[in-house]
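Contents: one structure, followed by commentary.
The values are calculated or read from the model by the stated rules, or taken from the named source; none is laboratory data. Predicted model only: the values in this text are computed from it and were never measured. Every residue, glycine as well, gets a Cβ built from its backbone with ideal geometry; the counts of neighbours run over all protein chains shown. For the accessible areas, the whole protein counts, side chains as well, though only heavy atoms, and no ligand, DNA or RNA atoms are used. Shrake-Rupley method; radii C 1.70, N 1.55, O 1.52, S 1.80 Å.
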Amino acid sequence: MMKEVLQTIFGLLGGLAVFIFGMNMMSECLQKVAGEKMKKILALLTKNPVLGVIAGALTTAVLQSSSATTVMAIGFVSAGLMTLPQAISIILGANIGTTITAQIIAFKITDYIYAFIFVGFIIYFLAKSEKLKNIGQTLFAFGLLFLGIETMGSVMKPLASSPVFTDMIAKVAGIPVLGVAVGTLMTLVVQSSSATIAVLQNFASQAGADGVTSILGLTGAIPILLGDNIGTTITALLASVGQPKNAKRTAVAHCIFNISGCLLFIWFIPFFAEFIRWISPKGPEIEVISRQIANAHTTFNVVMTLIWMPLIWLMVKIVMKLIPDQKYGEKDTNKPIYLDDKLISQPAAALHLVSKEIIHCGDIVGEILLDTIDAVKEGGKKQLELIVEKVAVARSLNDDITEYLAELFASGVLTEEQATQTAGIMHVLSDIDRIGSLNSEIADNLKANMERKKKYSKDALKNLQNALSMIEEMYSGALHIMKNEPGITDILNKKENVLDIDIDMRKGHMKRVAKGKCDANLTASFNSILHIIDRMGNNCVNIAEAVTGPVSFDYFTSLDKQ
């Protein structure tokens, strides 16, 4: 007896483990195959909530993971690429999209499980391209998913004949609130509503004493289904702990959606079950109940989406009230303000955040350039020291971004295309860092001359200001191009002008030395600054050429421009 109990428990747990592993592998591979396309589908979003719902549903249906869609939405909100109402509309759609998993499970493909596993393995084993390998892994994982379901079904069969177990199920089926509690607890333990709904579908397909009707019945299954939906929102709430406020608000909105649905539907379970039977295929209950549960899951989410879609404004007000903004003063620009370690597994969202952070870092370097121009004009020692401090801040931020990109590479979630994009982004980041460092070199140069009590003539300082002003214009133009605004020709023209000015400035300095207007001892120092300015111009051109070259930098483009 004890041996049979252990076999049942471990069979159920083993089948569940295989199912969850297959589901996660399939989701991960689909994201690699279609992640970039899904990002562009989300980019179709406008202020129209209907488009948001469609985008969320389609993305989740393709990726087979409402969590992936939710994390993408949270990442885009955090990066300022999407508003909270748009994110909520995506979450509503994701709830519909996630029901596709249950619909797929309802198909009886038991005879083809090993075919999927074998074909998937062969494609993965023989394929040379990364895309084909991912397709092979997807098929392999799809087979594992159903193998897990089949394993769970085989160990559940003996339970259907156990009087103790059937009596317990009868009590759950007769008390909807108890069914909701069971479903919520199941999802909290397993951490996957798709897995618990799969278990529910499989268990409900076991025949009762008469061999025809379900051991649980649709009326008994619906409350557990409602509990599954609540359980997955609690999982999302736990996952949002320690994340930005908009991430928490999105999780709370998801929670409100499912809890409000449960509170509404629990009063109409008999009528809801009758409606589901009417729209579902007819036949013996144990043959059709899996499809009925899938249809109930889809109907519940579609109805709740239709109810909440015109009330998104109310949802926003509720979550803003529950999680209000707090005034902490100005943001600490010394630290990354967009990077989120929890999004490493979502490269499309993570790379958007990286692009925002690089532009943030680029803006700091732009301010340093302006400070350097002022310092050349005024020559204050404190101002020069401030430039060096700001460069250290930009360098620290650069290191944080580089480390984040390294973690993205190390995670193994990047596709070949994304890895190429990431390498290109690192190249741009390197040029921004060099421009910042070169400003520090100019500041050190000026400071050293000040300490030696050596001064450039007014003409020399004016020439340096003009050259640096041209570099600042080139750099601003490069940042505009990163934001998908034209201007590379102008930058190249300015680079030619910088070279011409460089030659003229060297000649002018030597003439001033000959006339005694400039100190001959400052020649090396002056030429050093000119060389630095020339290098800055090269870095500006590098940035502009990188973001308009073969590497596509659409990550720097906000979603509404795509």
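Sort out which residues of segment 17-32 are surrounded by fewer than 21 Cβ atoms within 10 Å (Cβ to Cβ) and more than 19 Å from L414 (Cα to Cα), and write them in order of number.
Across segment 17-32, the qualifying residues are A17, V18, I20, F21.
Only one of these is among the aliphatic types (A, V, I, L, M) and either in contact with a Phe, Trp or Tyr (Cβ under 6 Å, 6 or more places away or on another chain) or open to solvent by 50 Å² or more (accessible area, probe 1.4 Å) (or both): V388, V393. Name it.
Going through V388, V393 in turn, the sole match is V388.
How many residues does segment 78-118 contain that are over 19 Å from A350 (Cα atoms) and either open to solvent by less than 50 Å² (accessible area, probe 1.4 Å) or assigned to a helix (DSSP H, G or I) (or both)?
Number of matching residues: 28.
Out of segment 299-311, which residues are hydroxyl-bearing (S, T, Y) and crowded, with 19+ Cβ neighbours inside 10 Å?
T305
Being aliphatic (A, V, I, L, M) and modelled with pLDDT of 75 or more is true for just one of V164, V119. Which residue is that?
Exactly one residue qualifies, and that residue is V119.
Could you please give the count of residues in segment 438-471 that are free of Cβ contacts under 8 Å to residues at least 60 places away in the same chain and not in a helix (DSSP H, G or I)?
Result for segment 438-471: 2.
Based on what the data block shows, is N398 in a helix (DSSP H, G or I), buried (at least 19 other Cβ atoms within 10 Å of the Cβ) and of a type outside the set (S, T, Y)?
When the stated conditions are applied, N398 passes them.
Kindly provide the set of residues from segment 120-129 that are surrounded by 15 or more Cβ atoms within 10 Å (Cβ to Cβ) and under 28 Å from the mean Cα position of the chain (by Cα), ordered by number.
Across segment 120-129, the qualifying residues are G120, Y124.
Could you give every pair whose Cβ atoms fall below 8 Å, whose first residue belongs to segment 395-418 and is without any contact (Cβ under 8 Å) to a residue 40 or more places away in the chain, and whose second residue is open to solvent by less than 50 Å² (accessible area, probe 1.4 Å) and part of a helix (DSSP H, G or I), counting only separations of at least 6 or pairs across chains?
N398/C361; N398/L429; N398/I432; N398/D433; N398/G436; T402/L429; F409/A419; F409/T422
Could you please let me know if A253 is open to solvent by less than 20 Å² (accessible area, probe 1.4 Å) and over 37 Å from the mean Cα position of the chain (by Cα)?
Spelling it out, it is not the case that A253 is open to solvent by less than 20 Å² (accessible area, probe 1.4 Å) and over 37 Å from the mean Cα position of the chain (by Cα).
If a residue must be in a loop (DSSP other than H, G, I, E, B), open to solvent by 20 Å² or more (accessible area, probe 1.4 Å) and modelled with pLDDT of 85 or more, how many such residues does segment 258-291 contain?
Going through segment 258-291 one residue at a time, the tally reaches 2.
Which ones in segment 334-380 are surrounded by fewer than 20 Cβ atoms within 10 Å (Cβ to Cβ), touching a residue at least 60 places away in the same chain (Cβ under 8 Å) and outside any helix (DSSP H, G or I)?
Across segment 334-380, the qualifying residues are N334, K335, I344, S345, G379.
Of all residues in segment 529-544, how many are open to solvent by 20 Å² or more (accessible area, probe 1.4 Å) and touching a helix residue (DSSP H, G or I) at 6+ places or on another chain (Cβ under 7 Å)?
3
Within the bounds of segment 404-426, is there any residue that is among the hydroxyl-bearing types (S, T, Y), open to solvent by 70 Å² or more (accessible area, probe 1.4 Å), part of a helix (DSSP H, G or I) and more than 26 Å from M536 (Cβ to Cβ)?
Within segment 404-426, one or more residues are among the hydroxyl-bearing types (S, T, Y), open to solvent by 70 Å² or more (accessible area, probe 1.4 Å), part of a helix (DSSP H, G or I) and more than 26 Å from M536 (Cβ to Cβ).
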